[in-house]
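Here the structure is laid out as structure tokens; the discussion comes afterwards.
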Amino acid sequence: MIKVRSLFPILTSHPELVYLDSANTTLKSDLLLKALAKYYHHHLTNVGRSSTDWSTWITRQYQLAHQDAGELVGAKSDNIIFTYSSTYAINMVRYGIQHTLRPGDIILLTLHEHNSNLLPWLALAKQTGAQVKYMEELPLSDLPMVKLFSYSLVSNLTGEVYDYHNLTTQIRKQGGLVLVDATQAVPHLDVSIDRLNCDFLVYSAHKVYGMTGLGVLYIADDQLQSLTPMVYGSQTFSHIDRSDYNLLSSAERFEPGTPNIEGALGLRVGLQLLRAFRHREEALGEYFLDQLRQHRLDRFLIGSTDPATRHIPIFSLAHPTVHPHDIAMLLESQQIIVRAGKSCADIPAQHLGETRGVIRASLGIYNTQQDIDRFITGYKQALNRLGG
Ligand SMILES: Cc1ncc(COP(=O)(O)O)c(C=O)c1O
């Protein structure tokens, strides 16, 4: 059986490294470095600019990356736009729909949103006079005023998976829009835009073993024409003269200028790895939970502990007296890397009563049972040393 660890240079350079921060960003593989080297050594040119062999090759790779990115969520490549990150993709939608909002309209969020799916909407509400409300507190009578529901399919703090099928169906039926932040979902779950019934969906390449600097935005057919582009430039128009232009009707209208070519190559490699190895995580997630229970550390877990709640392998531990940054530093001294703090989820942390933050351990395709054992031992030792 292939040792997935051996595919990641940082793990081979640091054999003792236990990387438990994949929800933050995933490690980069040798295959990714090789794909970049192939481009730099043998094909370096821009996409879509000429009919030379090199340009044809890289243009094809760039198109295939859109196809792969779409397939991951059951979408056609025609509906996929590459941006810089999930954050940027959400902001493209914010900008693109701002002209449709009126004072009194409701932008609906949830209390488990990452800051990147919160701030853009608070800003939009300020700008338009619309109001931000939270699904958990929404009176039914307000539902008809919802113009946009933007929610994360998975909490990046607790790993809980959410299903709002009935709500999204109702909101879309009455003409509201639905955006799904699938940034933490796609690394672990089968995601389908058909099942989600959404207008927009976003995720980031660097969470699926690709590079930073590339985000994916799915836009449903009927929104492709009505969303106002945030950035204008070359490669996006069917006609241009001294005083006017016509934008392309396809998704390319949203990708002006030279794109992140390396990011697209990296995404293709990352998705290949994800397809090959993602299935290993489920058992490992169960092992993690089991070990937390055996060592009585599950009492520090935040979020729902109901066994019926669906989870991806993200575990956040909040100790009542020991500060998470102190624990993280002691873990790092043993080459165990975790996230400490609020994980860019300030409102969810507040909602769960965690003002100091947590230690978050999240799994990726390269993790092993030994990594989890090392974490459990290291966490207990840190608590002992810090008087917890
Ligand atoms: C749920 C969620 N949404 C959005 C983001 C923002 O992603 P990016 O930093 O790639 O823009 C993250 C990053 O952790 C996230 O976990």
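Going 7 Å from the Cα of His295 along its beta-carbon direction, which residues of segment 1-42 have the amide nitrogen within less than 15 Å of the resulting point? Backbone N within reach: 18-20. Accessible area per residue (1.4 Å probe, heavy atoms of protein chains only) ranks Thr168, Thr59, Thr355, Thr100 as Thr355, Thr100, Thr59, Thr168, with the largest value leading. Between the listed residues Pro259, Asn117, Thr183, the Cα displaced farthest toward the positive end of the dipole of segment 31-275, a dipole computed from Cβ unit charges relative to the Cα centre, is found at Pro259. Modelled spin labels at Leu140 and Thr321, positioned 7 Å past Cα toward Cβ, are 4.8 nm from each other.
Each helix, a run of at least 4 DSSP H residues, gives -39500 (n - 2.57); summed and divided by the residues of the chain, these come to -10500 deg cm²/dmol at 222 nm.
Here the scattering of segment 31-275 is modelled by Debye summation over its C-alpha atoms, one equal scatterer each and no solvent; at q = 0.10, 0.16 Å⁻¹ the log10 of I(q)/I(0) is -0.49, -1.15.
Between His323, His188, His43, the Gaussian network model of the chain with springs among Cα atoms under 10 angstrom shows the greatest mean-square fluctuation at His43.
Note on the chain: GNM, Cα springs under 10 Å; of Gly70, Gly159, Gly257, the largest mean-square fluctuation is that of Gly257. Charged side chains reduced to their Cβ positions (Lys and Arg at +1, Asp and Glu at -1) give segment 228-339 a dipole of some 220 debye around its Cα centre.
Under the simplified labelling scheme, the Thr212-Thr368 pair shows an inter-label distance of 2.8 nm, with each label point 7 Å from Cα along Cα→Cβ. For the set Asp68, Asp194, solvent exposure ranked by accessible area (probe 1.4 Å, protein chains only) runs largest to smallest as Asp194, Asp68. Overall, segment 38-194 carries a charge dipole of about 600 debye about its Cα centre when +1 sits on the Cβ of Lys and Arg and -1 on the Cβ of Asp and Glu, all other atoms neutral.
With an a/c value of 1.5 or above and a/b not larger than b/c for the gyration tensor axes a ≥ b ≥ c computed over the alpha-carbon atoms, segment 180-252 is described as oblate. Computed about its Cα centre, the charge dipole of the chain is approximately 540 debye, with only Lys, Arg, Asp and Glu carrying charge at their Cβ. Computed from label points 7 Å out along Cα-Cβ, the spacing between Met329 and Gln131 is 4.5 nm. Arg296 contributes about 150 Å² of solvent-accessible surface, heavy atoms of the protein only, 1.4 Å probe. Partner aspartates and glutamates whose Cα lies under 14 Å from the Cα of Lys34, excluding those fewer than 8 positions away in the same chain, are identified as Glu262.
Here's the list of lysines a cross-link from Lys147 could span, going by alpha-carbon distance under 22 Å and ignoring same-chain residues fewer than 8 apart: Lys126, Lys133, Lys173.
For a 27 Å ceiling on Cα separation, which of these pairs sit above it: Lys76/Lys342; Lys3/Lys76; Lys3/Lys342; Lys3/Lys207; Lys38/Lys207; Lys3/Lys38? Flagged as over cut-off: Lys76/Lys342; Lys3/Lys76; Lys3/Lys342. The antiparallel fraction among DSSP beta bridges confined to segment 31-275 stands at about 45%. Positive contributions from Lys and Arg (+1) and negative ones from Asp and Glu (-1), summed over other residues with Cβ under 10 Å from the Cβ of Glu113, come out at -2. Only one residue of Ala89, Ser150, Ser226 has its Cα farthest out toward the positive end of the dipole of segment 31-275, where Lys and Arg carry +1 and Asp and Glu -1 on Cβ, and that residue is Ala89.
The gain in end-to-end length when the His99 to Trp54 segment is fully stretched comes to 12.0 nm, 0.36 nm per residue minus the alpha carbon separation. Tell me, what % of the accessible area of segment 31-275 is carbon and sulfur with a 1.4 angstrom probe? That fraction is 52 percent. Compare Gly378, Gly233, Gly213 in a GNM of the chain, Cα atoms joined below 10 Å, and give the one with the largest fluctuation. Among Gly378, Gly233, Gly213, the largest mean-square fluctuation in the Gaussian network model of the chain belongs to Gly233.
The values are calculated or read from the model by the stated rules, or taken from the named source; none is laboratory data. None of these values were measured; they are calculated from a predicted model. In this analysis, Cβ positions are derived from the backbone assuming ideal geometry, glycine residues included, and neighbour counts consider all displayed protein chains. Only protein heavy atoms, including side chains, enter the accessible area calculation; ligands, DNA and RNA are left aside. Shrake-Rupley method; radii C 1.70, N 1.55, O 1.52, S 1.80 Å.
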